[in-house]
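Here the structure is laid out as structure tokens; the discussion comes afterwards.
Coordinate-derived values only; no laboratory data. Treat the numbers as computed from the prediction; the structure is a model and nothing was measured. Glycine gets a Cβ as well: all are built from the backbone with ideal geometry, and neighbour counts include every protein chain shown.
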Amino acid sequence: MGGCFSDVKGGQAAVGGGGEVHNLRLQRGLSRNVATASSSGTVQNDAVDFFFRSKGLLPLYTRIELNLSASKLRDYDIMSKSDPMAVVYAQKKDGTLEELGRTEVIMNNLNPMWIQKIDVVFHFEIVQPMVFQVYDVDTKYHNLPTKMLELKDQDFLGEASCVLSEIVTLRSRSITLKLRNRNGQSVGNLGSITVHAEEIIASRTAIEMRLRCSNLDNKDRFSKSDPFLRISRIAETGGSVPICQTEVVNNNLDPVWKPLCLSTQQYGSKENPLVIECFDFNSSGNHILIGKLQTSIGVLEKLYQEKAGANFVIPSSRHRDHEKVLKGKLFVDGFYEKELYSFLDYISSGFELNFMVAVDFTASNGDPQKPDSLHYIDPSGRFNAYQQAIMEVGEVIQFYDSDKRFPAWGFGGKMYNGPVSHCFNLNGNVGSFEVEGVQGIMAAYQSALHTVSLHGPTLFGQIVNQAAEIAAQSLSQNSSKYFVLLIITDGVLSDLQETKDALVRASDLPLSILIVGVGNADFKTMEILDADNGQRLESSTGRIATRDNVQFVPIRDVHRGEISMVQGLLEELPGQFLTYVRSRDMKPLPINLPH
Amino acid sequence: MAKRHSRDLELTIISAESLSLAGNCRVKKNPFVVIKIESNADQTTTTDTENNNSNPTWNQKFFINIPMNVRFFTLEVRCKKFSGDRIVGSARVPTSDFEGHYFPMNYLHFLSYRLRDRNGERNGIINISIKMMKNDQRVLLTHGVAVGVPLHVRY
């Protein structure tokens, strides 16, 4: 039981209040494009959507968010209770499941109310079968982001299915479904899942608040309470929907929480009643209510202006309908209204994503003449891993790039009669590294395989610096460009520290780096560069990356994976773009509709 | 008054993260930041009273002037103690991080640095932003007096 402390941390993190909800929602925007580009499914294309909207036509669909809760789940953990997470799928016509999203993991709880909402697109004219699965997530995975969890490693707690229009047409917009086993039979009672659907409001207003409490009651015997706040909205149809939860402040009766950000989508309107509950965190999942209060965004704003506190109350144990007023108070230290523009707001107003490619020409790829080489060009026209990555990512990104001229480089190759170069122009042209379109990259790549001999070692530093210089130069001309460098590589990095230094410098620039790993090498160093575990990159001089702008995906995961490589690679990009523009307070360009 | 051979910049001390005082003990004593530039008087943020913990936020803006020959300045996070101030951690900020030849004037740099205590041990991170000022945007610098104007930066 000892040494569990780090696992508790995952359970103590904040949910839904740090703006990451918005990012998730925005990421969907791009994933949807990806889906159409790669599988040409029935999913709505955002570009088509824009086309319609610019002509004043509204396509027949509504965006809906699903709020999930479950009750009486099976208990699989021996020492404690299950740690449930729900996964939502759309069932396609051929019966396969497409994952739409995951909730957070709630620790030790058999009746979870998840806060993370799942975004779906409701098509009026299509039958959309949905599948909901609930998993018990093992404690050792609690510090991983939920999207990285391998579902087959988790205990299956049950699934349920229904058609989306079933939920939407109900007056309460809520449906409760019995969970059953994977093979469809219900063995004993597996509990049930409740799905509540709400339409997404197209509003960009959000409120950022800093909350603190004073004089909270002490609920722990040997130390002070470990308080956190949960904010729920009272829905029109009755019942409350949890919308956000702060992080846990340990051992403190006068806690100050990090700023939290609530969107109009979350809080409804300024008058909509909200319930704020303050709990003492307990790793057993049995959080003790310290006090609660009913309020609204309007009231909180007033508290902020008057610098006044609101007292918590607690339902009396003896008299029903009687509440005891507590000494503990809630204060609002900061209250800002702001506009949260989405990724698409920026893109549609003229911001561009500029695409750049760098291809690995190190010898570890194998002789390009031989079929087992990663660089082997199959005469039958079947793509090798490099071509596949260039095509799939290029196809999506080129859409956001108006001139479709892409810088393309190679690294780790030896020029004919020349030295090894760690950044050479793929087209063999000394003066210019730009090529025309994705087809241009493909052609330059193929011709380079004839003129450049594979060498080594694998160094990224020069490539990243070159891309950074282009990004920085564009700043002085036009600040509405964001650059995306795609590095395709098979190997272990030899200049880890130099690459880190270059990436740290790049974090201050409008630049994201996507790394695709091909082949079966050990990609541990790449995982370090992709700072998904919350560790920020540090340079040799002590400078630290200000944001995460690196994404790594090994291509071998694609074949067994549940999401496509491009999707995995691109899903963080809108979020990375937004942290860049929002931190600099950059607004979408004034709209100039093209004639 | 304004020196010819120097550059002016707008420096915002945003926040620090995961500070600790000796071992695992948390910082409780109102951390503040001192900006040290060679040949200039030090400038100081006010203490962070709202967030009395290991993740203080200041969001305070300063106009500073750095002589052309100076290649870096130093940031020191300090705490008030009975026996005077104590340095929790310090970081050196090289001017090359925001002065590269291709950066346009007025570009808002967001920079973070590792803080190290006196023994060179890692002790948290400091987050700042820097904007180089054009000459015509010069504000009158009041020498020797701190000109920290608290300002809420939204990010």
Hey, got the Cα dimensions of region A:171-239 along the principal axes, in Å, largest first?
51, 43, 21
Residue-ordered couplings for region A:248-265, obtained by feeding phi - 60° into the Karplus form 6.51 cos²θ - 1.76 cosθ + 1.60 and rounding to whole Hz (Gly and Pro as x), are 8, 9, 6, 6, 7, 9, 10, x, 10, 9, 5, x, 10, 10, 10, 8, 3, 3
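Using the Kirkwood radius over C-alpha pairs as Rh, can you work out the diffusion coefficient of region A:362-438 via Stokes-Einstein at 4 °C, viscosity 1.567 mPa s, in µm² per second?
92
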Could you tell me which of rounded, prolate or oblate describes region A:444-568, using a ≥ b ≥ c as the square roots of the eigenvalues of the alpha-carbon gyration tensor, with rounded for a/c under 1.5 and, failing that, prolate when a/b is larger than b/c and oblate otherwise?
rounded
With viscosity set to 1.567 mPa s at 4 °C, what whole-number translational diffusion coefficient in µm²/s follows for region A:67-205 from Stokes-Einstein and a Kirkwood radius over Cα pairs?
83
Under the rule of -39500 (n - 2.57) per DSSP H run of 4 or more residues, summed and divided by the residues of chain A, what mean residue ellipticity at 222 nm is obtained, to the nearest 500 deg cm²/dmol?
-7000 deg cm²/dmol
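How charged is the neighbourhood of A:GLU352? Take every other residue with its Cβ under 9 Å from the Cβ of A:GLU352, and add Lys/Arg as +1 and Asp/Glu as -1.
-1
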Karplus 3J(HN,Hα) series, Hz, for region B:32-37 with 6.51 cos²θ - 1.76 cosθ + 1.60 (x for Gly, Pro):
9, 10, 10, 9, 10, 10
Amide H proximity to A:ASP138 below 5 Å, modelled H, separation 5+ or other chain, gives A:ASP155
Of the chymotrypsin sites (Phe, Trp or Tyr not before Pro) in region A:364-459, those whose Cβ has at most 11 other Cβ within 10 Å and which sit in DSSP loop
A:TYR416
Looking at chain A from every direction and averaging, what is the projected area of its Cα convex hull in nm²?
31.3
For region A:187-330: rounded, prolate or oblate by the Cα gyration tensor [a/c cutoff 1.5]:
oblate
Over 21 Å between C-alpha atoms is what I'm after, so list which of A:LYS117/A:LYS481; A:LYS500/B:LYS131; A:LYS338/A:LYS587; A:LYS500/B:LYS36 land there.
A:LYS117/A:LYS481; A:LYS500/B:LYS131; A:LYS500/B:LYS36
